[in-house]
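Undergrad: Pasting a structure here, questions to come.
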Number of protein chains: 2
Amino acid sequence: MNYTRSNELPHDITLGEFLFHRFKQLHSETIFGLPGAFNTQLLDKLAKVPGLRWAGNTNELNAAYAADGYARLKGIACMITTFGVGELSAINGVAGSFAEHVGLLHVVGMPPTSAQTKQLLLNHTLGNGDYKVFYRIASEVACYSTLMADQDLCAEEVDDCITRAWILQKPVYLGIPINLIETMVSSAKLDKPLNLKLPPNDKHIEEEVVNQILQHMYKAKNPVIISDACVIRHHVVAETTELSTRTRFPVYTTPMGKGAIDESLPNFGGVFMGSISPPEVREVVNFADFVLVVGCMLADFSTSSFHFGYKTKECALLFPTSVKFKHAIYPDLHIKSLLEALLRKLDESKIKYKCQPAPPMIIPKSQLPSRHTLRHEWIWNQMSNWFQQGDIIITETGTSAFGINQTHFPYDSRGISQALWGSVGYTVGACLGACFAVDEMAKDSLSPVSRRVILFVGDGALQLTVQEVSTMVRWGLKPYIFIMNNQGYSVDRFLHHRSNASYYDIQTWDYLRLLATFGARSYEARKIVTVGDFLEMVQDPHFARNDKIRMLEIMLPPMDVPQALMDRWLTEQESKKRAGEETDAYTPSPESSLKRIRSDDLTPTD
Amino acid sequence: MNYTRSNELPHDITLGEFLFHRFKQLHSETIFGLPGAFNTQLLDKLAKVPGLRWAGNTNELNAAYAADGYARLKGIACMITTFGVGELSAINGVAGSFAEHVGLLHVVGMPPTSAQTKQLLLNHTLGNGDYKVFYRIASEVACYSTLMADQDLCAEEVDDCITRAWILQKPVYLGIPINLIETMVSSAKLDKPLNLKLPPNDKHIEEEVVNQILQHMYKAKNPVIISDACVIRHHVVAETTELSTRTRFPVYTTPMGKGAIDESLPNFGGVFMGSISPPEVREVVNFADFVLVVGCMLADFSTSSFHFGYKTKECALLFPTSVKFKHAIYPDLHIKSLLEALLRKLDESKIKYKCQPAPPMIIPKSQLPSRHTLRHEWIWNQMSNWFQQGDIIITETGTSAFGINQTHFPYDSRGISQALWGSVGYTVGACLGACFAVDEMAKDSLSPVSRRVILFVGDGALQLTVQEVSTMVRWGLKPYIFIMNNQGYSVDRFLHHRSNASYYDIQTWDYLRLLATFGARSYEARKIVTVGDFLEMVQDPHFARNDKIRMLEIMLPPMDVPQALMDRWLTEQESKKRAGEETDAYTPSPESSLKRIRSDDLTPTD
């Protein structure tokens, strides 16, 4: 039965309903945003499309973060804000989706065409009659942006916007003057599903690239595969897994790609983090004679805390829509078709590489007395045991984003972090979005058990976006919120080497009161101070069941950081000593043979 | 003694210190923002300039709101954010300062020049090597924007930016690559104060305009003066007051200008709000034969709730840097010099107008039984009695922004609202900024008593920006925070006529727990449900003393709104009836003779 009949739609529907039905068809069932003077006409249409819900975020930036987190799991999200004040508040979140390849349609309700033509000085304008200023701003962080004007083509424009956001996995900006919301369009258009297929690659170019890659794969003695963030975003998890399984090459993930590759594969080696990778990872990747990076987001990337790049020149980088092979650039090659062609042609018998199982990821088992205070290093090692199949694990930029890389992800779990854009506070919104997504995924699948959503966020970061926890409470969502309380912006404090700088301090909150303040009734809030507290928590089978929202305040010493950050600091100190001067924190330090240190009194038993 | 000597400055200081000393010279002593990877080098310099403080906001949007509120009282503010994520989060607040004429220097710490030249893929970039994208975005909502590049002229560039922000009362954007922060500049430059004087007006043009205005002032039979928002922002309060006193013309304020004109002047008539003005105000303004608008921000302005404009064509609009006289536009006339010239030439003996004292602003005194539930109409009338000299009264866009216009402001009190830009949640940040400003004003003046800062914010609006209350707690600031709890976005709910639309609902918080959650120790939190509760509160002399931070949750029925909003709704209903169809909420309705209604059982005794 076609869509219009099964949904009992009339012959004509409003443009607003048409837009929402398109999202329903994509199983993107939660719409994010806030109401405002110029978008409520659109929101009124949402109520007419059963099966969709309005998230009702607490502010626009959080809405954008939530839409981003949701889209990372469901492929696309829709966010609705209002002209001027609303859309501008969201823009930093949209820029994050742009930087990190997340499919998002940002719909902005605009003043009616008539007011724009007359340049009426309306509320939420800059007072200068310029209605296009926000559109120009939005265009800087969108792969496509348009202001709807033509009544006759508005359904086609909606389809075009959604298709672009889906295929390119980037934000699209669509401004709709409120008078066009009521435009009637033929519902029959919905019976033709959106064409989300990629345009086919040029066969000649594709063949040339595939042959080159295969030739290098066959002859390499020490090849590696790196699975990067766009493996998830551009839907090539299956292809990348097949490639790893059939070649048996050692396979690593980047921090942003963590969760795409099954970490129980025998050839899975861990997380490659450039200069701060564990030595067993760094050695293999840096001495590889061929590196194949699948779903590459960035080839070379610097943060204040590490430098990320590949040593060998024998490198094939498969970007979402292009390939860089050694120094040659091949534009307009879509990764999915390319990988399919590669797998079709791959002949395992020609591979020279002698399979040595990659050294397994080392999770040191350490024991500490139960009254011992907590340490990052210890906690992250413990976490691997507590994670379970299907978990969605979200880590904030900061100490958590480093710590998570030393954990082992169980089968079918997924990581969410924003390592490139790195907007502090992002994960609180993203956690809400992930909870909505998981909720819908449980409904769609046969298993009644909902995936757990687990958030690790610092106390500093939480303060930026805290009110979105209220939306989780409002919807009865049940994430685990681990607040890594180290009393301020520790990662910056640590890297900037000025632990006494007061600008890293934050106000001390009574975090355990937050859920009650936001109106939660069924919840758990507990403070974890010692090793004993922590073990009691993770060993409790009731705690493992996500049957209520939980806030766990993990007390950590202010200058305690995960091993990876510590390593980075040591590298820097060494290079400074050698240079005999202070280098800036942002300069990528030369690699050096790293001395791994253990935090004070940890006692590795393995 | 000159500045360098009295501050014991060395011969050369860093550019970072130079910038902060300039703000110190302007008595702008609180610097707003958040730390980030590319601005801590600058923040380190702040600590070297005694007398300044770093506000340490909880997120960038709130920082921008706070800087805006602060600058409305102190003339200029400085906000520091970090490249990309930080600055984009703040942009909606900056746009508000742009729309509403607020002097702000937005300093953004940027990656070092070398990284920009090499297009390194750094953290917080869009991943495409484009470092100017944020600059382009910022330029859309700044009167001037620049990326510092020339080491030899960097001190001059700082001076230029600050001067423009001060004189034009608009945001200026200054990007500083972190490597330039340490540039040494001669401290002697500080001994020459910034030249904040306006360029003189062209004498011929000024004279022509002054003569025309005087001619109309002399012959008018029913003239009025309207004092608008830019009277405060462009520092012409004294000139406007003198004009009102010497002419004895009836003088009104706009909602955005409230607080500039002393409301105890015998010729003060109340607040002109266009189509929703009280009838006694609307009659005088609409039937005036000459309207002189001083400090005009907008001549003609529509919101979803009212239309604001002047009926007569005999209108002189004094904008900050131009004049519109009838249909003639005179650009490049600065308001301050113009008013000075007008006052010099004004000869009161030539005025034809027969002074009739303007009908005083009517504050109905109503009595209600003490167990009665609260009503907007009643509360706002009561508030006039509780306000006291010097109060800073901040009202959120929404019901409060309407209610406040029926109150009477005591001498030397000041209103803050954001009627044009209308960004929901603005006032929580602005309240923080006002508290800092008042704190410094108390220090600078002889009176040890600090002005009270009084915030009226809806429950919906508070949720957007709530964490900034934590910064008030952190600094021991002592505002009154009245939460007008009407369970959702009432003003929109009311105007959109769909009270049942679920997108106007918000999560119910336990607001009284907020201060404790944010770590407050000395505070008051109380819920005000009945008329008796309210009277007990405002009649308590202890309550009137701002000796601690206070949160007052005022319980109001969801669909209860101030009279002005009710009037607007009635007008609309009438015009719809006449038109026989549904008009859109945003269309300015034709004026009609309004029937003033009283909410159900209020009993006016006066």
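Undergrad: Mind listing whichever residues of the stretch B:130-140 are touching a residue at least 24 places away in the same chain (Cβ under 8 Å) and more than 7 Å from chain A (Cβ to nearest Cβ)?
TA: Correct list: B:134, B:135, B:138, B:139.
Undergrad: Further question on the same structure: Condition (residue is of a type in the set (Asp, Glu) and assigned to a loop (DSSP other than H, G, I, E, B)) applied to the stretch B:25-37: is it met by at least one residue?
TA: For the stretch B:25-37, residues of a type in the set (Asp, Glu) and assigned to a loop (DSSP other than H, G, I, E, B): present.
Undergrad: Pull up the stretch B:307-322, narrow it to residues that are outside any loop (DSSP other than H, G, I, E, B) and of a type in the set (A, V, I, L, M, F, W, C), then point me to the one that is farthest from the other protein chains (Cβ to nearest Cβ).
TA: B:316
Undergrad: Working carefully through the options A:113, A:125, find the one that is surrounded by fewer than 24 Cβ atoms within 10 Å (Cβ to Cβ) and under 30 Å from residue B:310 (Cβ atoms).
TA: From the options A:113, A:125, the qualifying one is A:113.
Undergrad: Which of the residues spanning the stretch A:226-249 are under 21 Å from the mean Cα position of the chain (by Cα) and β-branched (Val, Ile, Thr)?
TA: As a first pass, look at the stretch A:226-249 and keep what is under 21 Å from the mean Cα position of the chain (by Cα): A:226-241.
Of everything in the stretch A:226-249, those that are under 21 Å from the mean Cα position of the chain (by Cα) and β-branched (Val, Ile, Thr) turn out to be A:226, A:231, A:232, A:236, A:237, A:240, A:241.
Undergrad: Another question about this same structure. What pairs come up if the first residue lies in the stretch A:94-112 and is closer than 14 Å to residue A:164 by Cα, the second is basic (Lys, Arg) and part of a loop (DSSP other than H, G, I, E, B), and their beta carbons are under 6 Å apart, counting only those six or more places apart or on different chains?
TA: Here the result reads A:98/A:170, each pair linking the stretch A:94-112 to a residue that is basic (Lys, Arg) and part of a loop (DSSP other than H, G, I, E, B).
Undergrad: Which of the residues spanning the stretch B:100-129 are part of a loop (DSSP other than H, G, I, E, B), of a type in the set (A, V, I, L, M, F, W, C) and either facing chain A (nearest Cβ under 9 Å) or closer than 18 Å to residue A:298 by Cα (or both)?
TA: Matches in the stretch B:100-129: B:120, B:121, B:126.
Undergrad: All but one of (1) without any contact (Cβ under 8 Å) to a residue 12 or more places away in the chain; (2) more than 13 Å from chain B (Cβ to nearest Cβ) hold for residue A:70, so report the exception by its number.
TA: The failed condition is (1).
Undergrad: For the structure I just gave you, tell me whether residue A:324 is free of Cβ contacts under 8 Å to residues at least 40 places away in the same chain and within 30 Å of residue A:492 (Cβ to Cβ).
TA: Considered against the rule, which asks whether it is free of Cβ contacts under 8 Å to residues at least 40 places away in the same chain and within 30 Å of residue A:492 (Cβ to Cβ), residue A:324 comes out as no.
Undergrad: Would you please list the contacts, defined by Cβ atoms under 9 Å and residues six or more apart or on different chains, that run from a residue in the stretch A:53-64 that is facing another protein chain (nearest Cβ under 9 Å) and without any contact (Cβ under 8 Å) to a residue 40 or more places away in the chain to a residue that is outside any loop (DSSP other than H, G, I, E, B) and hydroxyl-bearing (Ser, Thr, Tyr)?
TA: A:54/A:30; A:54/B:502; A:54/B:503; A:60/A:81; A:60/A:82; A:60/A:89
Undergrad: Can you tell me which residue within the stretch A:149-168, out of those that are under 22 Å from residue A:94 (Cα atoms) and at pLDDT below 95, is farthest from the other protein chains (Cβ to nearest Cβ)? Spell out how you get there, then give the answer.
TA: Filtering the stretch A:149-168 down to residues under 22 Å from residue A:94 (Cα atoms) leaves A:157-168.
When the remaining residues are screened for being at pLDDT below 95, the result is A:167-168.
Details: A:167: 18, A:168: 13 Å.
Checking each candidate, the answer is A:167.
Undergrad: Is one or more of the residues making up the stretch B:282-291 outside the structural domain of residue B:102 (by TED's automatic domain parsing) and under 23 Å from the mean Cα position of the chain (by Cα)?
TA: From the stretch B:282-291, those outside the structural domain of residue B:102 (by TED's automatic domain parsing) are B:282-291; that's our starting set.
Keeping just the survivors that are under 23 Å from the mean Cα position of the chain (by Cα) gives none.
The answer is no; no qualifying residue exists.
Undergrad: Among the helices (runs of 4 or more DSSP H) confined wholly to the stretch A:455-547, which include 1 or more residues that are touching a residue at least 12 places away in the same chain (Cβ under 8 Å) and surrounded by 20 or more Cβ atoms within 10 Å (Cβ to Cβ)?
TA: Output list reads A:459-465, A:468-474, A:490-496, A:514-517, A:531-539.
Undergrad: Show me the helices (runs of 4 or more DSSP H) found entirely inside the stretch A:323-427 where at least 3 residues are of a type in the set (S, T, N, Q).
TA: Output list reads A:376-386.
Undergrad: Quickly run through the stretch A:32-46 and pick out the residues that are closer than 19 Å to residue A:7 by Cα and at the interface with another protein chain (Cβ under 10 Å from one of its Cβ atoms).
TA: Matches in the stretch A:32-46: A:44, A:46.
Undergrad: Looking at the structure I just gave you, is residue B:23 more than 10 Å from chain A (Cβ to nearest Cβ) and touching a Ser or Thr at 6+ places or on another chain (Cβ under 8 Å)?
TA: So residue B:23 fails the test.
Undergrad: Being of a type in the set (Gly, Ala, Ser) and either within 28 Å of residue A:74 (Cα to Cα) or touching a helix residue (DSSP H, G or I) at 6+ places or on another chain (Cβ under 6 Å) (or both) is the filter here; which residues of the stretch A:231-285 pass it? Outline the logic, then answer.
TA: Narrowing the stretch A:231-285 to residues of a type in the set (Gly, Ala, Ser): A:238, A:244, A:257, A:259-260, A:264, A:269-270, A:274-275, A:277.
Within the stretch A:231-285, A:238, A:244, A:257, A:259, A:260, A:264, A:269, A:270 meet the criteria.
Undergrad: Let me spell it out: the conditions are (1) away from every other protein chain (no Cβ under 14 Å); (2) aliphatic (A, V, I, L, M); (3) closer than 19 Å to residue A:296 by Cβ; (4) within 18 Å of the chain's Cα centre (by Cα), and residue A:420 meets all of them except one. Which number is the exception?
TA: (1)
Undergrad: Moving on. For the stretch B:76-87, check the following and say yes or no: at least one residue is closer than 24 Å to residue A:91 by Cα, at the interface with another protein chain (Cβ under 8 Å from one of its Cβ atoms) and either crowded, with 24+ Cβ neighbours inside 10 Å or among the charged types (D, E, K, R) (or both). Lay out the reasoning, then the answer.
TA: Taking the stretch B:76-87 and keeping what is closer than 24 Å to residue A:91 by Cα, we get B:77-87.
Still in the list and also at the interface with another protein chain (Cβ under 8 Å from one of its Cβ atoms): B:84-85.
From what is left, the residues that are either crowded, with 24+ Cβ neighbours inside 10 Å or among the charged types (D, E, K, R) (or both) are B:84-85.
Among the residues of the stretch B:76-87, at least one is closer than 24 Å to residue A:91 by Cα, at the interface with another protein chain (Cβ under 8 Å from one of its Cβ atoms) and either crowded, with 24+ Cβ neighbours inside 10 Å or among the charged types (D, E, K, R) (or both), which makes the answer yes.
Undergrad: Quick test of your reading of the structure: residue B:436 fulfils all but one of (1) part of a helix (DSSP H, G or I); (2) in contact with a strand residue (DSSP E or B) (Cβ under 8 Å, 6 or more places away or on another chain); (3) within 23 Å of residue A:513 (Cβ to Cβ). Name the failing condition by number.
TA: Unmet condition: (3).
Undergrad: Can you tell me which residues in the stretch A:201-225 are within 30 Å of the chain's Cα centre (by Cα) and assigned to a loop (DSSP other than H, G, I, E, B)?
TA: Hit for the stretch A:201-225 is A:201, nothing else.
The values are calculated or read from the model by the stated rules, or taken from the named source; none is laboratory data. Note that this is a predicted model, so its numbers are computed, not measured. Positions of Cβ are backbone-derived with ideal geometry, glycine not excepted, and every protein chain shown enters the neighbour counts.
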